[in-house]
Amino acid sequence: MTTPPPAAAPAPAVVPGKTLGIVGLILAFIGPVALLGLILSIVAKVQSKNAGVKNTPATAGIIVSIIVIVGTILIYVLVFGSLLAACNGLEPGVYDTGNGGTLTCG
């Protein structure tokens, strides 16, 4: 009597939203599209939560996206704030910055 061949290993379970979570995490690191990364990561997290599984890449994507978005906003505020401060007290017009650039106020 021969023994039957061993059964094939079961296919790994598919985690809903895992691929989307990875894409969201990658996009989270890119400043201009961090908002898209946040949205994709949230969608992936909801899909995984509804299936009752954890999705670590989606969670990381949410956290990284928020940090990058806040950092980007702070940089814009600092840059534009310094430009506005440079024009404070000046009449409207174009000024030479002394390093080859110009500053336009008004």
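Can you find a residue in region 28-35 that is assigned to a loop (DSSP other than H, G, I, E, B) and of a type in the set (F, W, Y)? Checked against the condition, which is being assigned to a loop (DSSP other than H, G, I, E, B) and of a type in the set (F, W, Y), region 28-35 yields at least one hit. Out of curiosity, is S48 polar (S, T, N, Q) and surrounded by 12 or more Cβ atoms within 10 Å (Cβ to Cβ)? The answer is yes for S48.
Quick grid of which residues meet (1) among the small types (G, A, S); (2) under 19 Å from the mean Cα position of the chain (by Cα):
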| residue | (1), (2) |
| --- | --- |
| T2 | no, no |
| A7 | yes, no |
| L35 | no, yes |
| T56 | no, yes |
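Among all residues of region 35-47, there is none that is at pLDDT below 80 and on the phi < 0 side of the Ramachandran plot. If you go through region 68-106 and pick out every residue that is out of contact with any Ser or Thr (no Cβ under 9 Å at 6 or more places or on another chain) and in a loop (DSSP other than H, G, I, E, B), you end up with 10. Any residue at all in region 4-16 that's surrounded by 15 or more Cβ atoms within 10 Å (Cβ to Cβ) and over 30 Å from T104 (Cβ atoms)? Yes, region 4-16 has at least one match. Go through region 24-43 residue by residue and tally those that are over 10 Å from I62 (Cα atoms) and either among the polar types (S, T, N, Q) or buried (at least 18 other Cβ atoms within 10 Å of the Cβ) (or both). Residues meeting the conditions: 1. Look at region 63-78: where a residue is touching a residue at least 24 places away in the same chain (Cβ under 8 Å) and a partner is hydroxyl-bearing (S, T, Y) and surrounded by 11 or more Cβ atoms within 10 Å (Cβ to Cβ), sitting 6+ places away or on another chain with Cβ atoms under 8 Å, you get S65/S41. Looking across A85, A60, one residue alone is aliphatic (A, V, I, L, M) and within 15 Å of the chain's Cα centre (by Cα). It is A60.
The values are calculated or read from the model by the stated rules, or taken from the named source; none is laboratory data. All of these numbers come straight from a predicted model, not from anything done at the bench. A quick note on method: Cβ atoms are made from the backbone with ideal geometry, for glycine too, and the neighbour counts reach across all protein chains shown.
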